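Undergrad: Have a look at this one before I ask anything.
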Amino acid sequence: MKGKAAFFASLLVSSLLLLTGCDMNKPPPGGKLAEWALGKAADALDSFSDEYGDDIMQAIDGLHNAEHHGGPFENNLDSARAYLLEQMQEKYGMEFIVAGDEDLVNYGPFAGASYTCDVAPKDAPEQVTTALVSQTMYQDVRDSYAVYYFKDEAEAPVLEFCKTKDYVLDQHVSLEMPETARTWTADDRLEKFLAESGAYVKLVLRFEDGLDTETYAEQILDFINSVDRLNCNLLIQAKANKMYIFHLEANLLDGFDASSYTLEDIEKKVELYMPLTVALPILRVIRGVPHLSKSEKMHLFPYIGSLLSRRLRTDNSGDKV
């Protein structure tokens with residue numbers, strides 16, 4: 001490794017000498033060759049930048065702003081919007097409208113422009129999804145509207161399962177999927193959709209506030225050990241004290257092994273979130289103290305940060321260092 005490092009260092013110095021137009025056979029007498037070469041190279045680059053820098057930046061800006069020709073829509077919102085809505089209507093057999101944010105970004109003459117927006121069926125404006133088209137790679141619209149075909153059927157068993165756990169005070173269940181060009185219909189089977197679309201059920205669990213990390217870990221472990229009765233992939237997020245305290249992607253359709261999670265492992269993960277749970281209320285109190293000046297409040301924030309850092313610095317055994 002040392003030989004390679006020396007070789008590359010020598011190559012760099014040689015390149016710099018060549019860039020500056022120096023005679024490689026006549027290094028300067030005395031002094032350090034590398035420092036001399038770097039100085040000469042810096043002078044040459046400054047001179048080059050002064051003479052050609054503006055032209056180069058203008059050329060780069062021009063290349064970035066150049067438009068792709070021959071795409072299915074023009075590089076403007078009206079054209080992109082009309083194309084995407086037409087694509088959605090052809091895909092699902094119903095009229096769609098823009099229902100939220102929209103964004104048009106041009107990536108130059110080769111990649112072209114990409115257009116993203118929130119859309120919904122005209123007759124069901126509450127069924128909002130994000131859709132994407134581009135002038136090159138994604139000419140077929142990519143979206144996640146198909147979740148509305150399977151939403152109720154996929155979410156119902158997960159919701160019922162959550163209600164069997166007394167320590168789950170509340171839950172939010174939602175079927176999610178990545179954007180896709182594939183066309184799904186209401187006639188497709190749920191099992192096929194879950195297996196082939198990348199869909200998963202996002203599950204936000206609400207636990208009791210003010211418990212210790214071991215209790216939270218025991219409850220989470222019990223939940224994980226029970227999810228094998230479900231037939232979908234899960235994204236599990238546990239909340240307590242108005243903070244997320246645990247996160248897990250459980251790919252049940254791909255052989256998820258709950259036995260690989262131990263109480264100790266889960267408790268360590270929960271502990272990583274707990275300092276933030278403690279810190280946020282303190283920060284809120286500091287901001288709300290009327291007799292403290294802004295500078296005095298700012299001086300307290302690093303102190304809180306140091307306390308959190310000490311809490312997070314643990315060795316492999318979990319003991320503080």
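Undergrad: Put a dot 7 Å past each Cα toward the Cβ at D140 and E176; how far apart are the dots in nm?
TA: Rounded to a tenth, the inter-label distance reads 2.5 nm.
Undergrad: State the extension gain, in nm to one decimal, for the chain segment bounded by T130 and D101, taking 0.36 nm per residue of separation less the distance between their alpha-carbons.
TA: Details: separation 29, 0.36 × 29 = 10.44 nm, distance 0.92 nm.
Result for the pair: 9.5 nm of gain on full extension.
Undergrad: I would also like to ask the following. Taking a probe of 1.4 angstrom, what is the accessible area of R182 in Å², to the nearest 10?
TA: Per-residue accessible area (R182): approximately 100 Å².
Undergrad: Continuing with the same structure: At 0.36 nm per residue, and after removing the present C-alpha to C-alpha distance, how many nm does the segment from V204 to E191 gain when stretched out fully?
TA: Difference between extended and current length: 2.4 nm.
Undergrad: Here is a further query. Taking H as built 1.01 Å from N, whose amide H comes closer than 5 Å to the amide H of L234, not counting residues under 5 places away?
TA: When sequence neighbours closer than 5 places are left aside, the close amide H contacts are V201, A250, N251, L252.
Undergrad: Please work out the average accessible area per residue across the stretch 99-228, using the 1.4 Å probe convention, and give it in Å². Please list the in-between numbers first.
TA: Details: 6400 Å² over 130 residues.
Here the per-residue accessible area is 49 Å².
Undergrad: Continuing with the same structure: If all Cα-Cα distances of the stretch 148-214 are sorted into 10 Å bins from 0 onward, what percent lands in each bin, rounded to whole numbers?
TA: Going from the shortest bin to the longest, the percentages are 18, 43, 24, 13, 3.
Undergrad: Starting from the Cα of E153, step 7 Å along the direction of its Cβ; do the same at K122; then give the gap between the two resulting points in nm.
TA: 2.8 nm
The values are calculated or read from the model by the stated rules, or taken from the named source; none is laboratory data. What you see is a predicted model, and the numbers here were worked out from it, not measured in a lab. Cβ: placed from backbone, ideal geometry, glycine included. Neighbour counts: every protein chain shown. For the accessible areas, the whole protein counts, side chains as well, though only heavy atoms, and no ligand, DNA or RNA atoms are used. Shrake-Rupley method; radii C 1.70, N 1.55, O 1.52, S 1.80 Å.
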